[in-house]
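Down below is the structure, laid out as structure tokens.
The values are calculated or read from the model by the stated rules, or taken from the named source; none is laboratory data. Just so it is clear, the model here is predicted, and its values are computed rather than measured. Backbone-built Cβ (ideal geometry, glycine too); neighbour counts: all protein chains shown. The area values use the complete protein model at the heavy-atom level, side chains included, leaving out ligands, DNA and RNA. Shrake-Rupley method; radii C 1.70, N 1.55, O 1.52, S 1.80 Å.
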Amino acid sequence: MNASPPSAESLRAALAGLLDGLPPSQAAKAVERLITNYRGTTPTDAPVLRDRSDVAAYAAYRMPATFEAVRGALAALRDAAPDWTPGTHTDIGGGTGAASWAVAGAWEDNPPRTTVLDWAEPALALGRELARGVLDAEWRRERIGSALRLTDTDLVTVSYVLKELTGADRTALVTEAARAARGAVVIVEPGTPDGYERIIAARDLLVGAGFTVAAPCPHSGACPIVPGTDWCHFSARVTRSSLHRRVKGGSLPYEDEKFAYVAAVRFPVTPAPARVTRRPQIRKGQVLLELCGPDGLGRETVTKRHGALYKEARDAEWGDPWPPGEPA
């Protein structure tokens, strides 16, 4: 194995030469077409990524964001279960392997053996190429849907996949993931209202299958958000590549990837006592925290009178457990 760990930096390095030989305008057009496709209705019997040009462009554009979102979800899982280490991992719909890079990085000292399943052979081929010498992984072509049958594994990840499936296939896939996972299931979707709805539906299936929610929720009961009034999501900062700037016309060196997720486990776990659900509002002498706790949604105001806790509140970030120092 290569000594270079599967980090955001090593992933960017692996992606750096991916677009060599592909004209910038062609890469940008491929990304724009694929984004339009993903925002629409994708048939479950037709891979969206058709050839190497598609895969190279979309991997360079999307892998860093997917990596950071999954890394954020895994960090919350690890905080809630610091003594658990998966020996095996199955990445459903893993494509070029962004989630698998995040898993290997999360357990860098003892990364699990990974199996990446996807229906697009060009994506698998490119993922295999990128991961050579970095990930201990098998790349296997499978149709992702209700017919999928998994070998038992410690950890299952499903990232940015459920939107591509019909409702019946989503239910079947999450049910199969729950059956096969000996330890944990982590599901990540876009941080949009419909992405949150898919996460809540998956969460309900996992809880119904006997799992305990480790993150982000501080409990395994019903979500306190009234449907249609709001949605639970978080944010991960992503370094922008030149392709990002060409496609989006932006000048900032970064962008924020909004995502929704659930991490659920089969073993005892202590979730966060509460979680910060919006960016903290820092005002003169006080910090306003929007929180989700066992008793539902609420707001806490931390002032200078709270001493050391005030500094902790000023340093708190969206998605952090609260109060600090507690299991997450």
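Considering (1) modelled with pLDDT under 95; (2) open to solvent by 50 Å² or more (accessible area, probe 1.4 Å); (3) hydrophobic (A, V, I, L, M, F, W, C), say which one VAL247 fails and leave the rest.
(2)
List the number of the failed condition for THR229; all other conditions in (1) modelled with pLDDT under 95; (2) farther than 26 Å from ALA14 by Cα; (3) in contact with a Pro (Cβ under 9 Å, 6 or more places away or on another chain) hold.
Condition (3) is where THR229 drops out.
Consider ARG278 carefully, then state whether it is assigned to a loop (DSSP other than H, G, I, E, B), open to solvent by 30 Å² or more (accessible area, probe 1.4 Å) and either within 30 Å of VAL156 (Cβ to Cβ) or modelled with pLDDT of 95 or more (or both). Quick ask: steps written out before the conclusion?
Working: assigned to a loop (DSSP other than H, G, I, E, B): yes; open to solvent by 30 Å² or more (accessible area, probe 1.4 Å): yes; either within 30 Å of VAL156 (Cβ to Cβ) or modelled with pLDDT of 95 or more (or both): yes.
Against the criterion (assigned to a loop (DSSP other than H, G, I, E, B), open to solvent by 30 Å² or more (accessible area, probe 1.4 Å) and either within 30 Å of VAL156 (Cβ to Cβ) or modelled with pLDDT of 95 or more (or both)), ARG278 qualifies.
Tell me which residues, restricted to segment 301-328, are in a strand (DSSP E or B), surrounded by 17 or more Cβ atoms within 10 Å (Cβ to Cβ) and free of Cβ contacts under 8 Å to residues at least 40 places away in the same chain.
Hit for segment 301-328 is VAL302, nothing else.
GLU255 is checked against (1) of a type in the set (Asp, Glu); (2) open to solvent by 40 Å² or more (accessible area, probe 1.4 Å); (3) modelled with pLDDT under 95; (4) not in a loop (DSSP other than H, G, I, E, B) and fails just one. What number does that condition carry?
Result: GLU255 fails condition (2) only.
Give just the number: which of (1) within 19 Å of PRO64 (Cα to Cα); (2) at pLDDT 95 or above; (3) touching an Asp or Glu at 6+ places or on another chain (Cβ under 6 Å) does SER159 not satisfy?
(3)
Return the pairs, sorted by first residue and then second, in which the second residue is open to solvent by 70 Å² or more (accessible area, probe 1.4 Å) and part of a loop (DSSP other than H, G, I, E, B), the first residue lies in segment 228-239 and is more than 12 Å from CYS292 (Cβ to Cβ), the beta carbons are less than 7 Å apart, and the residues are 6+ apart or on different chains.
THR239/PRO253
Need the failing condition index for GLY183 against (1) open to solvent by 20 Å² or more (accessible area, probe 1.4 Å); (2) closer than 22 Å to THR88 by Cβ; (3) not hydrophobic (A, V, I, L, M, F, W, C), just the number.
GLY183 satisfies all of (1) open to solvent by 20 Å² or more (accessible area, probe 1.4 Å); (2) closer than 22 Å to THR88 by Cβ; (3) not hydrophobic (A, V, I, L, M, F, W, C) except (1).
Among residues belonging to segment 281-300 that are part of a strand (DSSP E or B), open to solvent by less than 30 Å² (accessible area, probe 1.4 Å) and in contact with a helix residue (DSSP H, G or I) (Cβ under 8 Å, 6 or more places away or on another chain), point out the one that is farthest from ASP79 (Cα to Cα). Walk me through how you get there before you give the answer.
So the first thing to find is which residues in segment 281-300 are part of a strand (DSSP E or B), and the list is 281-283, 286-293, 296-300.
Cutting the leftovers down to open to solvent by less than 30 Å² (accessible area, probe 1.4 Å) gives us 287-289, 291-293, 296.
If we keep only those that are in contact with a helix residue (DSSP H, G or I) (Cβ under 8 Å, 6 or more places away or on another chain) too, we end up with 287, 289.
Details: VAL287: 24, LEU289: 20 Å.
Among those that are part of a strand (DSSP E or B), open to solvent by less than 30 Å² (accessible area, probe 1.4 Å) and in contact with a helix residue (DSSP H, G or I) (Cβ under 8 Å, 6 or more places away or on another chain), it is VAL287.
Please go through segment 256-276 and give me each residue that is touching a residue at least 60 places away in the same chain (Cβ under 8 Å) and either under 17 Å from GLY195 (Cβ atoms) or touching a Leu at 6+ places or on another chain (Cβ under 6 Å) (or both), ordered by number.
Scanning segment 256-276 gives GLU257, LYS258, PHE259, ALA260, TYR261, VAL262, ALA263, ALA264.
So that you can scan it fast, the table gives a plain yes or no per residue for (1) among the basic types (Lys, Arg); (2) farther than 19 Å from GLU255 by Cβ; (3) exposed (fewer than 14 other Cβ atoms within 10 Å of the Cβ); (4) modelled with pLDDT of 70 or more:
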residue	(1), (2), (3), (4)
SER10	no, yes, no, yes
ALA13	no, yes, yes, yes
ASP20	no, yes, yes, no
TYR58	no, no, no, yes
ALA65	no, no, no, yes
ALA75	no, yes, no, yes
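In this structure, does THR151 turn out to be open to solvent by 20 Å² or more (accessible area, probe 1.4 Å) and assigned to a helix (DSSP H, G or I)? If you could, list the steps in order and put the result at the bottom.
Details: open to solvent by 20 Å² or more (accessible area, probe 1.4 Å): yes; assigned to a helix (DSSP H, G or I): no.
Judged against the criteria, THR151 is not a match.
I'm trying to understand the selection: among the residues of segment 109-148, which are of a type in the set (S, T, N, Q) and either in a strand (DSSP E or B) or under 30 Å from GLU197 (Cα atoms) (or both)?
Scanning segment 109-148 gives THR114, THR115, SER146.
Anything in segment 166-180 that is out of contact with any strand residue (DSSP E or B) (no Cβ under 8 Å at 6 or more places or on another chain) and closer than 16 Å to ASP91 by Cβ? List them, or say none.
Hit for segment 166-180 is GLU176, nothing else.
Given the criteria modelled with pLDDT under 95 and on the phi < 0 side of the Ramachandran plot, does GLU164 qualify?
Numbers: modelled with pLDDT under 95: yes; on the phi < 0 side of the Ramachandran plot: yes.
Yes.
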